[in-house]
Amino acid sequence: MVFVLPGVKFDLEMIKKYDTPTPRYTSYPPATELNTEFTTGDFHAAIAASNYRKSPLSLYFHIPFCESACYFCGCNTVISRNKNIAKPYIEHLVREIKNMARLIDQDRKVLQVHWGGGTPNYLNQDQVKFLWEQIRENFNIDPEAEISIEINPSYIDQEYIFFLREVGFNRISFGIQDFNPQVQLAVNRIQPEKLLFDTMSWIRAAKFESVNVDLIYGLPYQTLETFQETIHKTIKLDPNRIGVFNFAYVPWMKPTQKNIPEAALPEPQEKLKILKMTIEEMTSNQYLFIGMDHFAKNNDELAIAQQNHTLQRNFQGYTTHAGTELLGFGATSISMLHNAYIQNHKKLKDYYQAISADIIPLSKGIKLNQDDIIRRDVIMSIMSHFHLNKQNISEQYQINFDEYFADELAALAQLQTDGLVNISNNHIQITDIGRLLVRNIAVKFDSYHQTKEQRFSRSI
């Protein structure tokens, strides 16, 4: 079966050929490479080097709590209806904030703040206000900073939305996943259509600067027809950004996914139809195709960042400030410095124990060598811009690109034959079809993937 995208033919056999497990490349090296050999001394050295660079900062705060489990979720969460469990978490989180702030050069501006989870609106208003005040007191927040928060519409009302805006949040995101009631029931994420439209109306009334919504294709009982209805309703909501993610069915990593009826998952052929339809519907309704899984209006910061080559990926997905270094706070959060990644303890018990002892709550990490940094720039350029200037890489790192990556370029030959990529003397250009399989192109430059077997989600 052959599908036609703008000017290009793409057949199902080819998609099957490249539908292999590959990293999502929210980082390079991938988070699977973090290890327990990384020490507290390594952490302090990485922070000192970061201060020397004086890079602007992004801050991420992980709120792990949810009142109920969404079966598709790949996040690190704590499921409980007992809201009292948030109190000790906030106390330890604030202590971590203060400890980290002492290590950071206070002249460094914070350009982005993001609260994720879990469900950040699990916290009550007093807890939100207290936590935000502590962040402002301990870090140098730029007056024009992007301050964003994820919410779950099932546990929020108009008053809370307006409260978030008054506190200082100027961007907001929420997960839809699918409007179809059967799909919602199968993944335990019940959100009536009216609830979602009410939530968006409150957000617009509160005058948030940007709204992002998330969809997932590949969930049980989805069909081309049902997901097209979801796309139409999502476009009617009129968000600034729309994330459309390929469901990563990895029950060996996320046991909650065992609740999903595997037999009801759509076949690869149906998923391809869904993906093709989604791209066509979005791009014909004033949304630009950003990266491999995002759409944004042409005046949105993501679209502008891509045009200005300042778009990059981190553990939250695509972000608009390429020059920032990310500090993560809370259980399981990851900090991404220029030459080191550090992850906090995942279990609350271990996280609390470290914070109570005023110890850096690191669980594992990785120091990046020069080869990692070069390959990261190559992979992130491919993932964010669908293009790589070989000459720029050669000049920046004082290498001969074609010699340094001779094996990788040879490995790309078949992808070029299949029409996924065009390679010239100074450029690697991802084709329209290649954009759908950009992970398969990026993985050719991944030295870790070439040397060991990893269990990742499939490309399509």
Legend entry - All strands (runs of 3 or more DSSP E) inside segment 43-152 with 3 or more residues being among the acidic types (Asp, Glu): 140-151
Legend entry - Residue, farthest from residue 76 (Cα to Cα), within segment 318-333, restricted to residues that are among the small types (Gly, Ala, Ser) and open to solvent by less than 10 Å² (accessible area, probe 1.4 Å): 328
Inset, instruction - Please state which one of 355, 379, 373 is within 28 Å of residue 216 (Cβ to Cβ) and either under 15 Å from the mean Cα position of the chain (by Cα) or part of a helix (DSSP H, G or I) (or both). - result: 379
Inset, instruction - Test residue 185 against the criterion of being in a helix (DSSP H, G or I), free of Cβ contacts under 8 Å to residues at least 24 places away in the same chain and not β-branched (Val, Ile, Thr), and give yes or no. - result: yes
Legend entry - Contacts under 8 angstrom Cβ, first residue in segment 210-221 being more than 16 Å from residue 153 (Cα to Cα), partner assigned to a loop (DSSP other than H, G, I, E, B) and hydroxyl-bearing (Ser, Thr, Tyr), 6 or more apart: 218/249
Inset, instruction - Any chance you could count how many residues in segment 149-196 are open to solvent by less than 30 Å² (accessible area, probe 1.4 Å), more than 15 Å from residue 114 (Cα to Cα) and among the β-branched types (Val, Ile, Thr)? - result: 5
Inset, instruction - Report, by residue number, each residue of segment 256-291 that is assigned to a helix (DSSP H, G or I), of a type outside the set (D, E, K, R), modelled with pLDDT of 90 or more and surrounded by fewer than 18 Cβ atoms within 10 Å (Cβ to Cβ). - result: 256, 259, 263, 264, 277, 283
Legend entry - One residue from 80, 58 being out of contact with any helix residue (DSSP H, G or I) (no Cβ under 8 Å at 6 or more places or on another chain), of a type outside the set (A, V, I, L, M) and open to solvent by less than 20 Å² (accessible area, probe 1.4 Å): 58
Inset, instruction - With the checklist (1) of a type outside the set (D, E, K, R); (2) closer than 21 Å to residue 360 by Cβ; (3) over 16 Å from the mean Cα position of the chain (by Cα); (4) open to solvent by 10 Å² or more (accessible area, probe 1.4 Å) in hand, flag the one item residue 336 doesn't pass. - result: (3)
Legend entry - Single residue of 407, 402 found to be charged (D, E, K, R), at pLDDT 95 or above and either within 26 Å of residue 33 (Cβ to Cβ) or buried (at least 19 other Cβ atoms within 10 Å of the Cβ) (or both): 407
Inset, instruction - Please name all residue pairs, on different chains or six or more residues apart, with Cβ atoms under 6 Å, provided the first residue is in segment 408-424 and is within 17 Å of residue 389 (Cα to Cα) and free of Cβ contacts under 8 Å to residues at least 24 places away in the same chain and the second residue is assigned to a strand (DSSP E or B) and open to solvent by less than 20 Å² (accessible area, probe 1.4 Å). - result: 421/430
Legend entry - All positions within segment 292-310 that are not in a helix (DSSP H, G or I) and not acidic (Asp, Glu): 292, 294, 295, 296, 297, 298, 299, 308, 309, 310
Inset, instruction - Collect the residues in segment 188-202 that are outside any helix (DSSP H, G or I), touching a residue at least 40 places away in the same chain (Cβ under 8 Å) and at negative phi, keeping them in residue-number order. - result: 189
Inset, instruction - Kindly indicate whether any position in segment 234-242 is closer than 22 Å to residue 114 by Cα and hydrophobic (A, V, I, L, M, F, W, C). - result: yes
Inset, instruction - Filter segment 61-77 down to the residues that are open to solvent by 50 Å² or more (accessible area, probe 1.4 Å) and touching a helix residue (DSSP H, G or I) at 6+ places or on another chain (Cβ under 9 Å), then identify the one that is modelled with the lowest pLDDT. - result: 77
Inset, instruction - Kindly check whether there is at least one residue in segment 168-190 that is under 18 Å from residue 274 (Cβ atoms) and small (Gly, Ala, Ser). - result: yes
Legend entry - Per-region count, segment 108-134, residues open to solvent by 10 Å² or more (accessible area, probe 1.4 Å) and out of contact with any strand residue (DSSP E or B) (no Cβ under 7 Å at 6 or more places or on another chain): 9
Inset, instruction - Name, by its number, the condition in (1) open to solvent by less than 60 Å² (accessible area, probe 1.4 Å); (2) assigned to a loop (DSSP other than H, G, I, E, B) that does not hold for residue 252. - result: (1)
Inset, instruction - Go through segment 292-303 and give me each residue that's surrounded by fewer than 22 Cβ atoms within 10 Å (Cβ to Cβ), of a type outside the set (Asp, Glu) and either in contact (Cβ under 8 Å) with a residue 60 or more places away in the chain or touching a strand residue (DSSP E or B) at 6+ places or on another chain (Cβ under 9 Å) (or both). - result: 297, 298
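The values are calculated or read from the model by the stated rules, or taken from the named source; none is laboratory data. Owing to the predicted nature of the structure, the values given are computational and were not obtained by experimental measurement. Heads up, the Cβs are rebuilt from the backbone with ideal geometry, glycines too, and the neighbour counts pull from every protein chain shown. For the accessible areas, the whole protein counts, side chains as well, though only heavy atoms, and no ligand, DNA or RNA atoms are used. Shrake-Rupley method; radii C 1.70, N 1.55, O 1.52, S 1.80 Å.
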